[in-house]
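Right, one structure below, let's go through it.
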Amino acid sequence: MPHLSTALRTGSLLFLSGQLAFDDKGEIHGDVSEQTALILARHADVLAQHGLGLENVVKASAWVTEQADFASFDQAFAKAFGQHRPTRSTVVSQLAINGAKVEIDLIASFEPIHAQA
């Protein structure tokens, strides 16, 4: 088990550690879209444990291994979040686990979110 917390609260913010798309057997499969969907579903489960949902996310940081996968990643991200558009940074980078195509961490707010243009 890695030396980290899945989620930590400070004040009105909940910080969620980066997630990879591990299946129930601890393996990673699928393309970037499938991995993104699984990661965000797992994050949604953690958020729900704290009484929050993806609509409470104010910031996402993502690392994708291939620049060519960005459009597919972005589509899967948009599908998971629907009309909600959190702030986001996306970087092309190697990841620590073989087979991982994307890693995502989140920051969510317990306070109401007021979107700005």
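The values are calculated or read from the model by the stated rules, or taken from the named source; none is laboratory data. Worth saying up front: this structure is predicted, and the values here are computed from it rather than measured. Positions of Cβ are backbone-derived with ideal geometry, glycine not excepted, and every protein chain shown enters the neighbour counts. Side chains are part of the model used for accessible areas, which takes the heavy atoms of the whole protein and leaves out ligands, DNA and RNA. Shrake-Rupley method; radii C 1.70, N 1.55, O 1.52, S 1.80 Å.
If you add up the charges near Q19, with Lys and Arg at +1 and Asp and Glu at -1, over every other residue whose beta carbon is less than 13 angstrom from its beta carbon, what do you get?
It works out to a net charge of -2.
Given a cut-off of under 8 Å on Cα pairs at least six residues apart, what relative contact order in percent is computed for segment 1-104?
Details: 136 pairs, mean separation 35.1, N = 104.
It rounds to 34 percent for segment 1-104.
Run the reach check for K59 against aspartates and glutamates, Cα to Cα strictly under 12 Å, same-chain hits fewer than 8 apart removed. What comes back? Cross-link targets: D105. Taking a straight line from the alpha carbon of K25, these lysines sit under 23 Å away, with near neighbours fewer than eight places off in the same chain left out: K101. Shape class of segment 56-117 from the Cα gyration tensor (axes a ≥ b ≥ c, square roots of the eigenvalues): prolate, since a/c reaches 1.5 or more and a/b is larger than b/c. Accessible surface computed residue by residue for segment 41-117, with neighbouring protein chains in place and a 1.4 Å probe, gives 62 Å² per residue. Loop exposure criterion: GluC sites (Glu not before Pro), DSSP state outside H, G, I, E and B, at most 16 other Cβ atoms within 10 Å. Applied to the chain, the longest stretch between such sites is 67-117. Relative to the longest principal axis of the Cα atoms of the chain, helix 70-81 runs at roughly 40 degrees.
Only sites in a loop by DSSP and with at most 10 other Cβ atoms within 10 Å count here; which chymotrypsin sites (Phe, Trp or Tyr not before Pro) in segment 12-92 make the cut? Don't skip to the end; give the middle numbers.
Values: sites: F15, F22, W63, F70, F73, F77, F81; in loops: none.
For chymotrypsin sites (Phe, Trp or Tyr not before Pro) across segment 12-92 that sit outside H, G, I, E and B with at most 10 neighbouring Cβ atoms in 10 Å, the list is empty.
Using every pair of distinct Cα positions in the chain, the Kirkwood expression returns a hydrodynamic radius of 14.5 angstrom. Local charge for I107 was computed over the other residues whose Cβ lies under 14 Å away, with Lys and Arg +1 and Asp and Glu -1, and equals 0. Here the accessible area is traced with a 1.4 Å probe on the protein chains. For segment 1-77, carbon and sulfur cover 52 percent of it.
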